[in-house]
Each structure stands twice: as C-alpha cells, then as structure tokens.
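Structure record follows, encoded as structure tokens.
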Amino acid sequence: MTQTQEENQPVVTMGFSHQGQKRKEQIALMKKLQIRTQRDDAKFNIQLAKQIKRQTSPLKAKYNVERYDLVGDYVFPENVQNLIPSNTPEYVDRGHNYVERIIRALYYFKQCALIGPSGTGKTHIVYIVAEICGLPIWEINCGLQTSSYDLFGRYVGLGKENWIDGQIIQWCKIGGILYLDEANMMKQDIATRLNPILDTRGHVVLTEKDNEVVSRHPTGYLIISMNPFSAEFVGTKPLNAALRRRMAVWINFDYLSIGDTISPDEVALIQKRCKIDEDTARKIVKVGAELRRQYQNGDLPYGPSPGDLINWGVLIADGMTPLAAAVETIVGTTSDDIEIQDIVKRIVKATFNVKG
Ligand SMILES: Nc1ncnc2c1ncn2[C@@H]1O[C@H](COP(=O)(O)OP(=O)(O)OP(=O)(O)O)[C@@H](O)[C@H]1O
Ligand SMILES: [Mg+2]
C-alpha cells in the first residue's frame with residue numbers, strides 16, 4: 001500500500017529590529033511530499049521537499065526596481081532560506097531613492113558602499129534590499145574583534161574532513177549579500193584577504209586548506225557601510241585604500257529631518273508607528289532635528305535616529321508626558337552626562353511648551 005501526503009510548510013525567517021512589534025513568520029513556502037510504501041517486509045518512508053517559486057516582492061514596484069533581477073532562476077538552498085529577511089518595517093525613501101540606487105549598483109557592479117551618520121537607516125535599508133531581491137544576508141560587524149578563522153574557516157579537529165567554512169566562504173559558495181558593517185574598522189589581515197574576491201579576480205585562496213580556490217558565486221553581492229570619517233569623533237577611521245578603490249558606487253545617507261528642515265515623511269512615519277496625533281509627531285521630529293543639528297556641529301555626542309524617536313513616541317502614546325517619556329528614552333540615549341542631558345531636556349521643554 002502506498003500513501004502520499006502533501007503539506008505546505010512555512011519557514012521562519014530573520015527580520016530587522018521590530019521595535020516591539022510582533023514578528024510574523026513565513027516567507028518561503030516549502031512543498032513537502034511524503035510517500036510511505038511497504039514492500040514485502042520493508043517499509044519505505046520518503047520525504048521530498050521542493051521550494052514553491054517565490055512570488056516577486058510587491059515592494060519591487062513600490063521602489064521602482066522591477067527592471068533589476070539579482071537572482072535569476074537560482075534557488076537558494078533550504079538551509080539559508082531563513083537568512084532572507086521578511087516583514088522588514090517600512091522604509092521612508094522618498095526624495096533620495098536609496099533603494100533604487102543600491103539595487104542598481106548591485107546589478108551593474110555587484111557591490112556598493114553606504115556612508116552616513118549613525119541612525120540614518122543604513123542597516124535597515126540593507127534588510128529591505130535583501131527582502132525585495134530575495135537574497136540571504138551574511139552580516140559581519142567589522143568593529144567586533146572577529147577573527148579571520150571565524151570569517152574564512154577553520155579546522156575543528158584533526159583530519160582534513162574537519163574543516164568548517166566561515167561566513168565569507170559560505171557567502172562565496174552560496175551567494176547572497178555580504179554586509180560588512182563598520183567597514184572602516186576592519187582589521188588589516190581580513191581586508192587583505194578580501195581584496196582578490198572583490199576585484200575582477202573574484203576568488204579567494206584558502207592557504208590554510210591546501211590552497212583551495214573558492215570563487216565568488218554569481219549572486220554574491222557586497223554592501224559595506226560606515227560612519228563618515230571625521231577627526232572630531234572618536235572611533236571613526238578612514239577606510240582602507242584598497243577596499244575604497246574596489247567600490248564603484250558610494251551612497252551618502254543623511255537624516256530625514258535636520259535643523260529647520262522637517263520631513264513630512266518622517267512626521268508621518270512617527271505618527272503611524274507610534275499611533276499618535278500629527279501635532280505631537282511633528283514636535284517629536286522637531287526635537288530630533290535640532291538634536292541632530294547639534295550633533296553634526298559637534299555639540300552633542302549623538303543625534304537620534306527615527307527608531308529612537310519612535311521609542312519616545314510609543315511611551316507618549318501610552319499616556320506618559322512628553323518630558324517624562326523623553327527622560328526614559330532620547331535623553332538617556334544621547335548621553336549619560338547630566339549636563340548634556342539637561343541640554344536635551346531644555347530642547348524638549350521648549351518645543352512642547354513645558355514650564356519650569
Ligand atoms: N528612512 C527610514 N525609514 C524608516 N525607519 C528608519 C529610517 N532611517 C532609520 N530608521 C530607523 O532608525 C533606526 C536606526 O536605523 P539603522 O540601524 O538602520 O541605522 P544605521 O545607519 O545602520 O546606524 P549605525 O551607523 O549606528 O549602524 C532603526 O530603528 C530604523 O528602522
Ligand atoms: Mg547599522
């Protein structure tokens with residue numbers, strides 16, 4: 001007797017900071033076919049899994065990128081499907097067309113660099129680009145002291161079969177977006193090994209593994225991001241010259257609202273995400289824009305991101321006063337120095353007309 005059973009099974013995938021929202025599952029549907037059969041004394045149980053062809057993301061039309069296909073017919077293996085982001089929160093992109101510019105750069109040059117101050121949405125956009133294009137993300141923060149062994153691979157025991165590929169080698173073999181955050185903090189030994197993969201040679205030699213040559217997969221895209229180098233700010237460094245030369249496209253990110261420029265899109269984003277009235281959302285963005293201006297002038301150590309402003313708005317929506325909610329959120333995020341915190345509180349009080 002043969003029994004056949006079909007099921008469609010959702011696979012849980014990764015997402016970008018959901019700021020308290022419930023994470024939804026499902027992106028790739030795997031069709032599983034179970035066949036059970038018996039012959040003489042033997043029982044056979046066969047399971048076949050096939051990915052149902054991915055629908056084109058509806059975001060492709062929204063961001064005007066329908067003409068760029070970065071994947072073709074290639075289907076990423078099942079074990080990396082969960083590295084393809086899903087349900088990335090809305091990204092405000094009007095005016096700059098960042099999404100289109102990044103996808104175009106990847107289409108023509110395979111790699112690009114994103115530069116901008118902290119909180120301008122560089123990481124967020126990499127996730128939305130990956131979701132739109134259906135690409136897994138291999139994310140590496142170069143500021144962390146990750147070793148070359150972790151990134152390229154290592155032996156985990158005696159014997160040649162005990163080699164484990166690191167993230168960069170897996171990306172080379174499988175494809176997707178290699179996302180190097182804080183690329184200017186990359187250690188020299190790693191930068192040197194990356195160079196041949198990022199130019200026309202497109203391969204890496206694993207000297208530690210009998211000089212195995214690993215080629216860059218046709219869908220292997222690279223995005224690097226970093227804060228702009230500035231002598232006043234601690235921790236920023238100029239990008240390694242060899243890596244700089246290998247980037248064809250540079251995209252500069254800036255705050256949506258800064259100083260006297262208030263972006264109606266950012267106000268709408270805050271209003272929608274926090275579920276507050278427009279007047280409150282506008283005041284929140286006004287405070288944010290002023291703090292960013294002072295940060296860029298070097299007067300404050302940090303300028304708030306839209307995410308920081310959303311956190312503030314969520315507490316106001318819950319019934320806290322704007323000042324009390326600010327103290328618990330953006331005041332602390334800006335600095336732990338009492339004097340600097342007072343500057344932030346003064347800006348909040350002036351904008352919200354709070355006495356005292
Ligand atoms: N244009 C935007 N639309 C929607 N949300 C945004 C936008 N820009 C930033 N955000 C939100 O602001 C927060 C910070 O963004 P993100 O982490 O992407 O910044 P970043 O540029 O990568 O910062 P860093 O340089 O510190 O890594 C996130 O919560 C993100 O969702
Ligand atoms: Mg980031």
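FYI, it's all coordinate maths here, none of it is from the lab. Note that the coordinates shown come from a computational prediction; the quantities given were computed from them, not determined experimentally. All Cβ positions, glycine included, derive from the backbone under ideal geometry; neighbour counts span all protein chains shown.
For the chain, averaging the sequence separation of C-alpha pairs within contact (under 8 Å, six or more residues apart) and dividing by the residue count gives a relative contact order of 13 percent.
One decimal place: the segment N141-D69 gains 23.2 nm when fully extended, by the rule 0.36 nm per residue minus the C-alpha distance.
Would you compute, from DSSP H runs of 4+ residues alone, the mean residue ellipticity of the chain at 222 nm, taking -39500 (n - 2.57) per run and dividing by the full residue count, rounded to the nearest 500? Display every interim value, and only then the final one.
Details: 13 runs with 126 residues, N = 356.
That comes out to -10500 deg cm²/dmol.
Considering only beta bridges that DSSP places wholly inside region 54-252, some 25 percent are antiparallel.
Provide the gained length on full extension for the span A61 to D279, in nm with one decimal, where the gain is 0.36 nm per separating residue minus the Cα-Cα distance.
On the way: separation 218, 0.36 × 218 = 78.48 nm, distance 3.15 nm.
Result: 75.3 nm gained on full extension.
Check cross-link reach from K209 to the aspartates and glutamates: straight Cα distance under 14 Å, and skip same-chain residues fewer than eight apart. Counting by Cα, and skipping residues close in sequence, K209 has these aspartates and glutamates nearby: E161, D165.
Taking amide H as placed 1.01 Å from N in the peptide plane, L222 has its amide H under 5 Å from the amide H of Q111, C112, L178, each at least 5 places away in sequence or on another chain.
Between N195 and D336, how high is the FRET efficiency from 1/(1 + (r/R0)^6) when r is the Cβ-Cβ distance and R₀ = 41 Å? Nearest 0.05.
Working: r = 40 Å, r/R0 = 0.97.
It comes out at approximately 0.55.
Among the GluC sites (Glu not before Pro) within region 161-270, which fall in a DSSP loop and have no more than 14 other Cβ atoms within 10 Å of their own Cβ? Before the final figure, lay out each step's value.
Details: sites: E161, E182, E208, E212, E232, E266; in loops: E182, E232.
Within region 161-270, the qualifying GluC sites (Glu not before Pro) (loop, at most 14 other Cβ atoms within 10 Å) are E232.
Placing dummy labels 7 Å off each Cα toward the beta-carbon, the span from R94 to N353 is 2.7 nm. In a DSSP loop and with at most 16 other Cβ atoms within 10 Å, the trypsin sites (Lys or Arg not before Pro) in region 147-235 are K187, R201. Percent of Cα pairs in region 264-352 per distance bin of 5 Å, from zero to the largest separation: 3, 16, 30, 27, 16, 7, 1.
Packing, as the average of other Cβ atoms within 10 Å across residues, places the peptides 339-348, 83-92 in the order 83-92, 339-348, highest first. By the Kirkwood approach, averaging reciprocal distances over each pair of separate Cα atoms, region 141-214 gets a hydrodynamic radius of 12.9 Å. Structure remark: mean-square fluctuation, Gaussian network model of the chain, C-alpha springs under 10 Å; the largest value among D150, D165, D336 belongs to D336. Only Cα pairs within less than 10 Å get springs; with that Gaussian network setup on the chain, which residue of I102, I46, I137 has the largest fluctuation? Judging by the Gaussian network model, the answer is I46.
Which entries in the list K122/K237; K237/K345; K286/K355; K122/K187; K60/K122 go over 25 Å, if you measure between the two C-alpha atoms of each? Distance filter (> 25 Å) returns K237/K345.
Please report the antiparallel percentage of the DSSP beta bridges confined to the chain, to the nearest 5. Could you put the intermediate results ahead of the total?
Working: 27 of 47 bridges.
Of all bridge pairs located within the chain, approximately 55 percent are antiparallel.
Could you grab the relative contact order for region 54-252? Cα pairs under 8 Å, six or more apart, rounded to a whole percent.
Working: 311 pairs, mean separation 51.6, N = 199.
Relative contact order for region 54-252 comes out at 26 percent.
Which of rounded, prolate, oblate describes region 54-252, given a ≥ b ≥ c as roots of the alpha-carbon gyration tensor eigenvalues and a/c under 1.5 marking rounded, otherwise prolate only if a/b is larger than b/c?
On the way: a/c = 1.88, a/b = 1.22, b/c = 1.54.
Verdict is oblate for region 54-252.
Structure remark: mean-square fluctuation, Gaussian network model of the chain, C-alpha springs under 10 Å; the largest value among P117, P58, P196 belongs to P58.
Express in % the proportion of alpha carbon pairs of the chain at distances exceeding 30 Å.
On the way: 30609 of 63190 pairs.
Tail of P(r) above 30 Å: 48 percent of Cα pairs.
On full extension, the segment bounded by N79 and R346 gains 91.0 nm, given 0.36 nm per residue less the C-alpha separation.
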